[in-house]
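Read the structure below first, then the notes.
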Amino acid sequence: MNRLQSELHRLYLADEASLLDEQGRVRAMVLELTGPADWDVLSAVWRGVQADLELPAPAIAVSGTDGLQLWFSLEASVPAAQAQAFLAALCAHYLPGVAPRRLRLMPGTEPASHARLVPAPQGDTGNWSAFVAPDLAPVFADTPWLDIPPNEEGQSALLSSLGRIKVPAFEAASARLKPATPPAAKGAPGPAGGTGLDPERFLLQVMNDPSVALALRIEAAKALLPRR
(Lines give C-alpha, C1' and ligand atoms only; values in the text may rest on other atoms or scores of the structure.)
Protein backbone atom coordinates (compact mmCIF):
# COMPACT_ATOMS: atom_id res chain seq x y z
CA MET A 1 0.00 0.00 0.00
CA ASN A 2 1.54 3.32 -1.07
CA ARG A 3 1.16 6.62 0.80
CA LEU A 4 -1.88 7.79 -1.17
CA GLN A 5 -3.66 4.48 -0.67
CA SER A 6 -2.88 4.66 3.05
CA GLU A 7 -4.39 8.13 3.33
CA LEU A 8 -7.51 7.14 1.39
CA HIS A 9 -7.93 4.11 3.65
CA ARG A 10 -7.39 6.20 6.80
CA LEU A 11 -10.02 8.73 5.83
CA TYR A 12 -12.69 7.13 3.70
CA LEU A 13 -12.70 3.39 3.11
CA ALA A 14 -15.31 1.45 5.07
CA ASP A 15 -13.52 -1.82 4.31
CA GLU A 16 -10.36 -2.77 2.47
CA ALA A 17 -11.53 -1.67 -0.99
CA SER A 18 -14.90 0.08 -0.82
CA LEU A 19 -16.59 3.24 0.45
CA LEU A 20 -19.52 1.02 1.54
CA ASP A 21 -19.12 -1.99 3.79
CA GLU A 22 -21.24 -5.13 3.61
CA GLN A 23 -23.77 -3.65 6.04
CA GLY A 24 -24.19 -0.52 3.92
CA ARG A 25 -22.25 1.67 6.36
CA VAL A 26 -19.88 4.45 5.33
CA ARG A 27 -17.05 6.57 6.63
CA ALA A 28 -17.06 8.93 3.62
CA MET A 29 -19.79 11.51 3.02
CA VAL A 30 -19.60 13.45 -0.24
CA LEU A 31 -21.45 16.65 -1.11
CA GLU A 32 -21.17 17.71 -4.77
CA LEU A 33 -22.19 20.98 -6.41
CA THR A 34 -22.69 21.16 -10.17
CA GLY A 35 -23.96 23.52 -12.86
CA PRO A 36 -21.63 25.40 -12.30
CA ALA A 37 -19.14 24.04 -9.79
CA ASP A 38 -19.02 27.37 -7.98
CA TRP A 39 -16.58 27.48 -5.06
CA ASP A 40 -18.05 30.78 -3.85
CA VAL A 41 -21.24 28.82 -3.14
CA LEU A 42 -19.78 25.55 -1.85
CA SER A 43 -17.24 27.31 0.35
CA ALA A 44 -20.12 28.34 2.64
CA VAL A 45 -20.32 24.68 3.68
CA TRP A 46 -16.55 24.22 3.88
CA ARG A 47 -16.14 27.26 6.13
CA GLY A 48 -19.33 26.71 8.10
CA VAL A 49 -18.60 23.17 9.25
CA GLN A 50 -15.31 24.37 10.66
CA ALA A 51 -16.39 27.68 12.18
CA ASP A 52 -19.92 26.80 13.33
CA LEU A 53 -19.84 23.04 13.91
CA GLU A 54 -16.18 22.73 14.95
CA LEU A 55 -15.56 19.84 12.56
CA PRO A 56 -12.34 19.07 10.68
CA ALA A 57 -12.09 20.58 7.21
CA PRO A 58 -13.42 18.25 4.52
CA ALA A 59 -11.27 17.53 1.50
CA ILE A 60 -12.07 19.46 -1.68
CA ALA A 61 -12.15 17.60 -4.98
CA VAL A 62 -12.97 18.19 -8.61
CA SER A 63 -15.16 15.34 -9.87
CA GLY A 64 -13.46 15.03 -13.26
CA THR A 65 -16.77 15.72 -15.00
CA ASP A 66 -19.06 18.54 -13.88
CA GLY A 67 -18.84 18.98 -10.11
CA LEU A 68 -16.89 20.29 -7.16
CA GLN A 69 -17.00 18.04 -4.10
CA LEU A 70 -16.50 18.11 -0.34
CA TRP A 71 -15.32 14.82 1.16
CA PHE A 72 -16.11 14.37 4.87
CA SER A 73 -14.30 11.68 6.81
CA LEU A 74 -15.88 9.87 9.77
CA GLU A 75 -13.80 8.11 12.38
CA ALA A 76 -16.52 5.47 12.79
CA SER A 77 -18.84 4.12 10.11
CA VAL A 78 -22.52 5.10 10.11
CA PRO A 79 -25.49 3.76 8.12
CA ALA A 80 -25.78 5.27 4.65
CA ALA A 81 -29.17 6.79 5.51
CA GLN A 82 -27.64 8.64 8.46
CA ALA A 83 -24.90 10.02 6.23
CA GLN A 84 -27.50 11.14 3.67
CA ALA A 85 -29.52 12.88 6.38
CA PHE A 86 -26.45 14.73 7.63
CA LEU A 87 -25.59 15.98 4.15
CA ALA A 88 -29.20 17.03 3.57
CA ALA A 89 -29.09 18.99 6.83
CA LEU A 90 -25.90 20.73 5.70
CA CYS A 91 -27.60 21.72 2.44
CA ALA A 92 -30.67 22.98 4.27
CA HIS A 93 -28.52 25.05 6.62
CA TYR A 94 -25.84 26.43 4.31
CA LEU A 95 -27.25 26.13 0.77
CA PRO A 96 -30.99 26.90 1.06
CA GLY A 97 -31.05 28.90 -2.16
CA VAL A 98 -29.32 26.30 -4.33
CA ALA A 99 -31.56 24.35 -6.72
CA PRO A 100 -31.75 20.65 -5.70
CA ARG A 101 -30.77 19.58 -9.23
CA ARG A 102 -27.33 21.12 -8.63
CA LEU A 103 -26.66 19.05 -5.51
CA ARG A 104 -25.56 15.43 -5.28
CA LEU A 105 -25.46 13.75 -1.88
CA MET A 106 -23.40 10.58 -1.64
CA PRO A 107 -23.94 7.87 -0.54
CA GLY A 108 -27.06 8.01 -2.67
CA THR A 109 -30.52 6.64 -2.08
CA GLU A 110 -29.95 3.65 -4.38
CA PRO A 111 -28.51 0.55 -2.68
CA ALA A 112 -24.71 0.33 -2.92
CA SER A 113 -24.58 3.82 -4.43
CA HIS A 114 -21.67 6.07 -3.54
CA ALA A 115 -19.16 8.44 -5.08
CA ARG A 116 -16.28 7.20 -7.15
CA LEU A 117 -13.03 7.27 -5.23
CA VAL A 118 -10.71 10.19 -6.03
CA PRO A 119 -8.37 10.50 -7.89
CA ALA A 120 -9.54 8.54 -10.93
CA PRO A 121 -9.70 8.84 -14.74
CA GLN A 122 -13.10 9.63 -16.20
CA GLY A 123 -13.94 7.30 -19.08
CA ASP A 124 -12.48 8.18 -22.46
CA THR A 125 -12.30 11.93 -21.80
CA GLY A 126 -8.71 11.89 -20.59
CA ASN A 127 -9.81 13.99 -17.62
CA TRP A 128 -9.17 13.13 -13.99
CA SER A 129 -10.84 13.73 -10.66
CA ALA A 130 -8.45 15.01 -8.01
CA PHE A 131 -8.23 16.57 -4.59
CA VAL A 132 -7.36 20.27 -4.71
CA ALA A 133 -6.19 22.90 -2.26
CA PRO A 134 -8.72 25.51 -1.03
CA ASP A 135 -6.91 28.38 -2.73
CA LEU A 136 -7.09 26.58 -6.10
CA ALA A 137 -10.74 25.49 -5.90
CA PRO A 138 -12.14 28.72 -7.43
CA VAL A 139 -10.30 28.20 -10.72
CA PHE A 140 -12.19 24.96 -11.47
CA ALA A 141 -15.72 26.42 -11.69
CA ASP A 142 -15.94 26.00 -15.46
CA THR A 143 -13.62 23.02 -15.84
CA PRO A 144 -13.83 20.82 -12.70
CA TRP A 145 -11.18 18.35 -13.77
CA LEU A 146 -7.50 17.83 -14.43
CA ASP A 147 -6.46 16.93 -17.96
CA ILE A 148 -3.47 14.95 -16.69
CA PRO A 149 -3.15 12.48 -13.81
CA PRO A 150 -2.56 14.30 -10.50
CA ASN A 151 0.73 13.85 -8.71
CA GLU A 152 0.31 11.11 -6.10
CA GLU A 153 2.62 12.77 -3.59
CA GLY A 154 0.70 16.02 -3.92
CA GLN A 155 -2.60 14.20 -3.38
CA SER A 156 -1.17 12.42 -0.36
CA ALA A 157 0.07 15.68 1.14
CA LEU A 158 -3.37 17.27 0.82
CA LEU A 159 -5.04 14.32 2.55
CA SER A 160 -2.44 13.89 5.27
CA SER A 161 -3.37 17.25 6.82
CA LEU A 162 -7.04 16.28 7.21
CA GLY A 163 -8.68 14.88 10.32
CA ARG A 164 -11.59 12.50 10.82
CA ILE A 165 -14.87 13.50 12.48
CA LYS A 166 -15.01 11.82 15.88
CA VAL A 167 -18.27 10.27 17.07
CA PRO A 168 -19.11 12.89 19.74
CA ALA A 169 -18.40 15.71 17.28
CA PHE A 170 -20.61 14.11 14.62
CA GLU A 171 -23.45 13.64 17.07
CA ALA A 172 -23.14 17.22 18.31
CA ALA A 173 -23.05 18.64 14.79
CA SER A 174 -26.07 16.56 13.76
CA ALA A 175 -28.01 17.85 16.76
CA ARG A 176 -27.10 21.47 16.02
CA LEU A 177 -28.15 21.14 12.39
CA LYS A 178 -31.56 19.68 13.21
CA PRO A 179 -34.03 22.56 13.71
CA ALA A 180 -37.20 22.24 15.73
CA THR A 181 -38.97 22.87 12.42
CA PRO A 182 -37.15 23.08 9.06
CA PRO A 183 -36.49 26.62 7.82
CA ALA A 184 -38.93 27.51 5.03
CA ALA A 185 -37.65 28.17 1.52
CA LYS A 186 -39.20 30.79 -0.74
CA GLY A 187 -42.74 29.74 -1.50
CA ALA A 188 -42.91 27.39 1.49
CA PRO A 189 -45.36 27.78 4.39
CA GLY A 190 -44.30 30.21 7.09
CA PRO A 191 -43.38 29.22 10.67
CA ALA A 192 -46.06 27.36 12.58
CA GLY A 193 -46.49 30.24 14.99
CA GLY A 194 -47.42 32.57 12.15
CA THR A 195 -49.93 30.29 10.45
CA GLY A 196 -51.77 28.65 13.31
CA LEU A 197 -50.49 25.23 12.20
CA ASP A 198 -49.36 22.73 14.78
CA PRO A 199 -45.75 21.53 14.23
CA GLU A 200 -46.74 18.19 12.67
CA ARG A 201 -49.03 19.81 10.10
CA PHE A 202 -46.31 22.33 9.31
CA LEU A 203 -43.77 19.57 8.71
CA LEU A 204 -46.22 17.69 6.50
CA GLN A 205 -46.80 20.80 4.41
CA VAL A 206 -43.08 21.35 3.95
CA MET A 207 -42.51 17.68 3.06
CA ASN A 208 -45.28 17.66 0.45
CA ASP A 209 -44.64 21.08 -1.10
CA PRO A 210 -42.81 20.61 -4.47
CA SER A 211 -41.71 24.27 -4.41
CA VAL A 212 -39.53 23.63 -1.36
CA ALA A 213 -35.90 22.57 -1.89
CA LEU A 214 -35.49 18.79 -1.81
CA ALA A 215 -33.01 18.96 1.06
CA LEU A 216 -35.58 20.77 3.21
CA ARG A 217 -38.30 18.25 2.33
CA ILE A 218 -35.96 15.44 3.39
CA GLU A 219 -35.35 17.23 6.69
CA ALA A 220 -39.11 17.57 7.24
CA ALA A 221 -39.59 13.86 6.59
CA LYS A 222 -36.81 13.05 9.07
CA ALA A 223 -38.35 15.26 11.72
CA LEU A 224 -41.67 13.47 11.29
CA LEU A 225 -40.27 9.96 11.68
CA PRO A 226 -40.31 9.85 15.51
CA ARG A 227 -43.86 11.17 15.47
CA ARG A 228 -45.40 8.63 13.11
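Every residue in segment 50-63 that is open to solvent by less than 10 Å² (accessible area, probe 1.4 Å) and either in contact with a Leu (Cβ under 7 Å, 6 or more places away or on another chain) or within 19 Å of PRO96 (Cβ to Cβ) (or both), please.
Once the filter is applied, which keeps residues that are open to solvent by less than 10 Å² (accessible area, probe 1.4 Å) and either in contact with a Leu (Cβ under 7 Å, 6 or more places away or on another chain) or within 19 Å of PRO96 (Cβ to Cβ) (or both), segment 50-63 yields PRO58, ALA59, ILE60, VAL62.
If you go through segment 100-118 one residue at a time, how many are in contact (Cβ under 8 Å) with a residue 60 or more places away in the chain and either of a type in the set (Val, Ile, Thr) or in contact with a helix residue (DSSP H, G or I) (Cβ under 7 Å, 6 or more places away or on another chain) (or both)?
The qualifying residues number 5.
If a residue must be touching a residue at least 24 places away in the same chain (Cβ under 8 Å), surrounded by fewer than 19 Cβ atoms within 10 Å (Cβ to Cβ) and of a type in the set (Gly, Ala, Ser), how many such residues does segment 120-161 contain?
5
Which one is farthest from PHE140 (Cα to Cα) among residues in segment 64-85 that are more than 13 Å from the chain's Cα centre (by Cα) and of a type in the set (S, T, N, Q)?
Here the answer is SER77.
Consider segment 114-166. How many of its residues are under 23 Å from GLN5 (Cβ atoms) and hydroxyl-bearing (Ser, Thr, Tyr)?
Number of matching residues: 4.
Going by what's in this entry, would VAL78 be described as open to solvent by less than 30 Å² (accessible area, probe 1.4 Å), among the β-branched types (Val, Ile, Thr) and in a loop (DSSP other than H, G, I, E, B)?
Here the answer is no, as VAL78 does not meet what is asked.
Could you look through segment 120-141, keep only residues that are farther than 18 Å from SER160 by Cα and assigned to a loop (DSSP other than H, G, I, E, B), and pick out the one that is modelled with the highest pLDDT?
Of everything passing the filter in segment 120-141, ASN127 is modelled with the highest pLDDT.
Residue-by-condition table, conditions (1) of a type in the set (Phe, Trp, Tyr); (2) surrounded by fewer than 21 Cβ atoms within 10 Å (Cβ to Cβ); (3) not in a loop (DSSP other than H, G, I, E, B):
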residue: SER6; (1), (2), (3): no, yes, yes
residue: ARG10; (1), (2), (3): no, yes, yes
residue: LEU13; (1), (2), (3): no, yes, no
residue: GLU16; (1), (2), (3): no, yes, no
residue: ALA28; (1), (2), (3): no, no, yes
residue: LEU31; (1), (2), (3): no, no, yes
residue: PRO36; (1), (2), (3): no, yes, no
residue: ASP40; (1), (2), (3): no, yes, yes
residue: GLY48; (1), (2), (3): no, yes, yes
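Do we find a residue being crowded, with 17+ Cβ neighbours inside 10 Å and within 25 Å of GLU7 (Cα to Cα) anywhere in segment 93-105?
Yes.
Just to be sure, is GLY190 loosely packed, with under 13 Cβ neighbours inside 10 Å and either closer than 15 Å to ALA61 by Cβ or at pLDDT below 60 (or both)?
Yes, satisfied.
The values are calculated or read from the model by the stated rules, or taken from the named source; none is laboratory data. None of these values were measured; they are calculated from a predicted model. A quick note on method: Cβ atoms are made from the backbone with ideal geometry, for glycine too, and the neighbour counts reach across all protein chains shown. For the accessible areas, the whole protein counts, side chains as well, though only heavy atoms, and no ligand, DNA or RNA atoms are used. Shrake-Rupley method; radii C 1.70, N 1.55, O 1.52, S 1.80 Å.
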